[in-house]
Amino acid sequence: MTLDLTPFEKLGKVSWEIRSQKIRAAFSTVENLDWDRALEKDMDLFGRVIRDVLKLEQASPGRPGPRPSLDTAEATRRLNQLLGKDYTILPFKEAFRVLARDRSTRHLASLTGLNRNTVQRLLKGDMEPDGFEMSVIAETFGKHPSYFAEWRNLYITNAIMERLEWSPDTAVDIFREMDQQHKRGK
C-alpha cells in the first residue's frame with residue numbers, strides 16, 4: 001500500500017489533536033498504522049513524541065499544563081537509555097572510576113549510601129560488586145544497572161539458571177551436547 005504523506009509535511013505547528021486526527025484518517029486502523037512511515041515523514045511529530053517520552057518522568061500526575069523543559073545533557077542521557085545505548089563495556093572498577101571522576105571515597109560513600117571501605121575496595125577492584133551495589137551505584141549516577149557489563153552478565157546468568165531449574169530436561173540436553181562437542185574437540 002502506497003500512501004501519500006505530503007499533507008503531513010505541510011501541517012506546520014498544529015495541535016496534537018489535529019495531527020492525530022490526520023494520522024488516524026491516513027491510517028484507517030491501528031493494526032495498519034505504520035509509525036515508521038508517519039514519524040519518518042513528519043519530523044515535528046517524531047520530535048514531539050521523543051520530547052514527551054523523555055519528559056514523562058518530570059510530569060506531575062493530574063497536573064495540567066506543559067511539562068518542564070529538559071536540559072540538553074539530561075535529554076541526551078535519557079534518549080540513550082531509551083535507545084539502549086547507555087552502557088559500558090569497561091570492567092566495573094574502571095566504569096565506576098569514570099562515573100566517580102575525581103570525587104573522594106568519602107563523598108562517593110555519602111552519595112551512594114554504601115560503606116566507605118566498600119566503595120574504596122570496589123574502586124580498587126579488590127572486591128567484586130553484587131547486584132545490589134551495582135544497582136545503587138548506577139542509580140546514584142542516573143544510570144540503569146545494565147550500564148555495567150557485570151550486571152548484564154549477572155542478569156543473563158540468572159535468567160539461564162532459572163530456565164534450567166524450571167526445565168531440568170533442557171539442562172540435560174545442553175550438557176549432553178556440550179559434552180559431545182568437548183569429546184570431538186580432543
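Every number here is computed from the coordinates shown, using simple stated rules; none is lab data. Quick caveat: nothing in here was measured; it's all calculated off a predicted structure. Virtual Cβ from ideal backbone geometry, glycine too; neighbours counted across all protein chains shown.
Worth pointing out:
- Any hit, the stretch 133-152, residues being without any contact (Cβ under 8 Å) to a residue 12 or more places away in the chain and loosely packed, with under 11 Cβ neighbours inside 10 Å: no
- Taking the criterion of being under 19 Å from A149 (Cα atoms), of a type in the set (D, E, K, R) and touching a helix residue (DSSP H, G or I) at 6+ places or on another chain (Cβ under 9 Å), the residues of the stretch 101-132 that qualify are K124, D126, E128, D130.
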